[in-house]
Structures are given as C-alpha cells and as structure tokens.
Amino acid sequence: MPFIITIDKKHIIMGLFKSLFGGQDTPDNEKQKEDKKKFEILKYDGIRAQRIGKLPYAIKCFEEAVAIEEELETMGLLVTAYTQAGQLDEARSTLGRMAEQDPSRIETFLSLAGICYMLEDYEEMDKACRKALELDNKHPLALYLSAKAAIGQKNEINAIAMLTQAIAAREDYAEAYQLRAEVLWSMKQAKDAAEDVQKLLSMNPEDEQALMLKSEILAATGQEEEAKECLNQVLSLNPFQEKAYLLLGGIYMANKELDKALAVYDEAIEINPQFAQAYHERGRVKLLQGDKDGSVEDMKKAIELAPDSETAISGQYNNYEQMNRNIPF
C-alpha cells in the first residue's frame, strides 16, 4: 500500500510541472500536431502517387501539403510533378516562392532557368542564371544555361564566352563542347567548330551528335567523301537517325548520283514508313529519273504524313540547299 501512495505522489508532482511549464496539450498544440500529421500523410501519399504515375493526385497532395507548410523539399516535389504534367507556369511560380524563401539555394535558380527555357522565356532564364552565378560564378551548369539563354536572345558571342567559361570550369563538359561547336558552326566558323567536334570524338568516338555535326561541316566544306563515311558511321550506330539519311541522300543528289540517292531514301522509308521528308526527297529523285507517276505518289504520301509541312505543300524540291542553309540546332 505505501508503494501505491508513492506512485500517486509522483503523478501529482508531474502533473504540477506540466501545469506550471506548459506541458499540457493546448488547443494550439493539438492543431499543430494535427497539421504536422496531415502534412506528412499528404507528402508521402504524393510521393507514392508520383512514383506510379498518378500525377493529378500527386499534385493535389503536394499542393495541400504546401498549403499547410511551405517546406522546400515538398515544394521541390511539387515542381517536379508540375513539370512532368506540363504545368510549367505553375512550376515557375512555385520555384519563385522557393527562391524568395531561401535565396541561397543555387539549385532553385538552376531549376527556374530550366523551366524558363522550356517556356522559351529567355529573358527570365537569363535573370535566373545571373542569380545562380552570383552564388557561384564558376558553376558549370549555371554557365551552360546562361549560354542557352544568350542563344535564345540571339547573342551568340556571349553564348560562346559563357560556354568557354563552363569548359574551363569542367574540362570534360561534353554538352558545353557540343553547344559551342553548334554555335560556332551557325556563325560559319568551321575550323573552330571542327576543333570542338574533334574534342568530343576524342572523349567518345561514337558520339552521335558530334558525328552528325562533323558530317554537316565536312559536306558544307566540300569534303563529301569524308562526310559520307561519317554519315554511314552514324547510321551504323543508329539506323533511325533521320537527319543522316537526308544529308547522305542530299550529297548523292548534289553529285547527280540518283540511283545511290534513291537507295538511301528507300532504306530510310523501309526503316521508318512514316518518314514524310524521305518520301518527299524520294519523289524528287524519281522526278529527275523520269518516273512522274512514282514522284506524284511519293509527294501524296509526304503530304498525307505531314500535311503542315511547308515543303510538302509547296511541292518545292530544293531541300538539299535549304538543309545546308538552315541546319537546325
């Protein structure tokens, strides 16, 4: 019996301490606990939903969680879900709130720059890159994204400067070499572009993008045999590389090797029967060979597959020249 009395006294003393020092649960404390519990449930329900591809439900969970507490990790998850769902404006808005909440996180500004790039808002992309570079002026990705923003604003000289800095910060930065080569080639600086391409191929001899760019430079500078070898290498690596078929067929066309050009386009169509431009180019070859019916048939097929294609609708057969003037990057 004395033992029971001792325990009761202990409980009384503990109760007094709770009363004096706020240990008892108040309505505010209860609400905070409930909100925290609800936040955790919503957050991890959202993560599970995101993993199995249920993006609308994941977004709803993350939005409700963030409404309770603007935790940066959960806001980042919401940005990812928005991006996956194509809700880029919402992703940008959320990243803006994250940047205000913690302006010292460079990752936030890099993500914001990426979203702005997808939205083709190069001015805001440049601003985000500048913020990132204020935090780390030698950050390779920040410099690379800044170059892409400069390209979007038609400032190729600044783009080259930024890419050069990115390469200086990270010597094996393949993407920066590739982009610099493309910008240099767009400015008709063939020698400098070729040097960057060679650097890429020294790092990876089977770099498909680098091989394609090398082929374009070789073809445009009169080194057609080397260009054909390069394009055949590309096609051995990737038989579905449509641009390689068009450039290879165009080289044969320019040299009036119509049978070889026809064989290239036949192969392209065999690999991909939905390749509208290959039908268009094959129609051109057939017309030059005197096969008017075959040419018309291919033209109809090209229009059927790509009714909005300017070349298909116009019926103009000057793609080789256009392709070399307007090489897409």
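The values are calculated or read from the model by the stated rules, or taken from the named source; none is laboratory data. This structure is a prediction, so every number in the text was calculated from the model and none was measured. As a convention, Cβ positions derive from the backbone with ideal geometry for all residues, glycine included, and neighbour counts pool all protein chains shown. Surface accessibility is based on the protein's heavy atoms, side chains included, excluding ligands, DNA and RNA. Shrake-Rupley method; radii C 1.70, N 1.55, O 1.52, S 1.80 Å.
Here are a few things to note about the model shown:
- Rounded to whole numbers, the Karplus 3J(HN,Hα) couplings from phi for segment 138-147 are 10, 6, x, 5, 4, 5, 5, 5, 4, 5 Hz, using 6.51 cos²θ - 1.76 cosθ + 1.60 with θ = phi - 60°, and x at Gly and Pro.
- Given (i) 21.4; (ii) 15.0; (iii) 26.3, the label whose value is mean projected area of the Cα convex hull in nm² derived from this model: (iii)
- Across every direction, the projection of the convex hull enclosing the Cα atoms of segment 87-134 has a mean area of 2.8 nm².
- Long pairs among LYS127/LYS228; LYS260/LYS301; LYS33/LYS60; LYS243/LYS300; LYS36/LYS148; LYS148/LYS228, criterion Cα-Cα beyond 32 Å: LYS127/LYS228; LYS36/LYS148
- Candidates VAL296, VAL234, VAL285: whichever shows maximal mean-square fluctuation once the chain is modelled as a Gaussian network with Cα springs under 10 Å: VAL296
- Portion, in percent, of the accessible area of the chain that falls on carbon or sulfur, probe 1.4 Å: 52
- For segment 210-216, backbone phi angles converted through the Karplus equation (6.51, -1.76, 1.60; θ = phi - 60°) give residue-by-residue couplings of 5, 5, 5, 5, 4, 4, 5 Hz, Gly and Pro being listed as x.
- Approximating the spin labels as points 7 Å out from Cα along Cα→Cβ, the MET118-to-GLN189 distance works out to 3.1 nm.
- The HN-Hα couplings worked out from phi for segment 285-298 by the Karplus form 6.51 cos²θ - 1.76 cosθ + 1.60 (θ = phi - 60°) are 4, 4, 5, 5, 8, x, 8, 5, 5, x, 5, 5, 4, 5 Hz, whole numbers, x standing for Gly and Pro.
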